[in-house]
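Engineer: Sharing a structure, written as structure tokens. Questions coming.
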Amino acid sequence: MASRLHAHIGTFRQLEILLAVFDGGSVKAASETLFLSQPTVSMQLKKLTEAIGLPLYQQVGKKLKFTDAGLATVQTARAILQSCEDLDMQLSSLRGLKSGTLRLSVVTTAKYFIPHLLGPFCQRYPGIDIQFTIANRQQVIERLEQGLDDFYVFSHLPKGLDLEVTEFMSNDLVAIAQADHPLTQKPKVTLDEFCQYDFLIREIGSGTRHSIESFFEQHSCQPNIKMTIASNEAIIHSVLSRLGVSILSAHTLAFGEIYDVKVINVESLPIRSQWSFSWAKNQKLSPIAQVFLDYVETEGRDIMQQAVKL
Ligand code: PGA
């Protein structure tokens, strides 16, 4: 008799939840990724476990240890969901791009300007949904390694991965202080002088932090780190409340609120890099992703330049 496993293997959503738990390492991580409550995730996993008829994982201390049945289910879930994605791609191409999803993961600092690139694109293709994930550099690298999105936006590309890359805009990291800070009055500030002031830095895993650390290492000096803060906005507000000086992308100052911070003219700054869209060389671009890439390459750069006006 033919296998009837598909009749009780669980819903697609349950398989998606299982993968999120496996990839994130916990029910909490999965609930955050999927914007579900933890009881909902646990309930769906319970139903899936009942459908499979064997335990899928065990709690060992704080970690989840997947059983052989769990690992096999994860592997099959990935294949099933990938087939659905492939079908989605084929259907989008048959429908002539009338609908589908474009998935983008961007580092925190790119959240200020990527929406300006998406606006005109979505007006042209109103049936396309965008899944827009904002995370720090390390988290975006992890998404890239898991192949979760069509494109990943970095200003410092991860090393050791085989990537296709399209650069689209420059990214300057500048030194900032509150407007009446003594350093803002000086025409030129040496690095040694800058390093005497309390310094506010992004969290481990941040691309901004990574660039700042490499910069100071190259110049053989050490900033006087006072606070680690996992948010560009909170760093700016901390600078404004005189907790210290910092180095951030100029894009953090160019959008949204007008902050009363000043750029300090420190020697050897700004730290220069390029924003880029990247994707794994072995990843086949969906028709929607291909159209988006063409849009970035033909019009996107100009749209960005106009929106940024640095
Ligand atoms: P971050 O990345 O937002 O994680 O600091 C910025 C960057 O890569 O330039």
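Engineer: The conditions are (1) within 25 Å of Q139 (Cβ to Cβ); (2) away from the ligand (no atom under 15 Å from the Cβ); (3) of a type in the set (A, V, I, L, M), and L173 fails exactly one of them. Which is it?
Structural biologist: Checking L173 against (1) within 25 Å of Q139 (Cβ to Cβ); (2) away from the ligand (no atom under 15 Å from the Cβ); (3) of a type in the set (A, V, I, L, M), the one that fails is (2).
Engineer: Here is a further query. Might you let me know whether segment 125-141 holds any residue that is acidic (D, E) and within 16 Å of the ligand (Cβ to nearest atom)?
Structural biologist: We begin by selecting, within segment 125-141, every residue acidic (D, E); these are 129.
Next, from what is left, pick out any that are within 16 Å of the ligand (Cβ to nearest atom): none.
Taking every residue of segment 125-141 in turn, none turns out to be acidic (D, E) and within 16 Å of the ligand (Cβ to nearest atom).
Engineer: Quick check on Y197: is it closer than 20 Å to I114 by Cα and modelled with pLDDT of 95 or more?
Structural biologist: no
Engineer: Given the criteria within 16 Å of the ligand (Cβ to nearest atom) and surrounded by 17 or more Cβ atoms within 10 Å (Cβ to Cβ), does L64 qualify?
Structural biologist: Details: within 16 Å of the ligand (Cβ to nearest atom): no; surrounded by 17 or more Cβ atoms within 10 Å (Cβ to Cβ): yes.
No.
Engineer: Within the set of pairs 6 or more residues apart or between chains, which connect a residue that is more than 13 Å from V174 (Cα to Cα) inside segment 208-222 to a residue that is within 9 Å of the ligand (Cβ to nearest atom) with Cβ atoms less than 8 Å apart?
Structural biologist: H210/R137; H210/H156
Engineer: On to the next question. It is to be established whether one or more residues within segment 225-244 are without any contact (Cβ under 8 Å) to a residue 60 or more places away in the chain, of a type in the set (S, T, Y) and buried (at least 17 other Cβ atoms within 10 Å of the Cβ).
Structural biologist: yes
Engineer: In segment 192-222, what residues are touching a strand residue (DSSP E or B) at 6+ places or on another chain (Cβ under 7 Å) and either within 8 Å of the ligand (Cβ to nearest atom) or closer than 23 Å to F154 by Cβ (or both)?
Structural biologist: Initially, segment 192-222 is screened for residues touching a strand residue (DSSP E or B) at 6+ places or on another chain (Cβ under 7 Å), giving 194-201, 203, 207-209, 211-212, 215.
L200, I201, E203, G207, T208, R209, S211, I212, F215 - these are the residues of segment 192-222 that are touching a strand residue (DSSP E or B) at 6+ places or on another chain (Cβ under 7 Å) and either within 8 Å of the ligand (Cβ to nearest atom) or closer than 23 Å to F154 by Cβ (or both).
Engineer: What do you reckon, is A110 within 22 Å of the chain's Cα centre (by Cα), part of a helix (DSSP H, G or I) and within 16 Å of the ligand (Cβ to nearest atom)?
Structural biologist: Numbers: within 22 Å of the chain's Cα centre (by Cα): yes; part of a helix (DSSP H, G or I): yes; within 16 Å of the ligand (Cβ to nearest atom): yes.
In short, yes.
Engineer: Any residue at all in segment 262-278 that's free of Cβ contacts under 8 Å to residues at least 24 places away in the same chain, more than 17 Å from S155 (Cα to Cα) and surrounded by fewer than 19 Cβ atoms within 10 Å (Cβ to Cβ)?
Structural biologist: Looking only at segment 262-278, we keep the residues that are free of Cβ contacts under 8 Å to residues at least 24 places away in the same chain, and these are none.
No: zero hits.
The values are calculated or read from the model by the stated rules, or taken from the named source; none is laboratory data. No experiment lies behind these values; they were computed from the predicted model shown. Note that we place each Cβ from the backbone using ideal geometry, even for glycine, and neighbour counts take in every protein chain shown.
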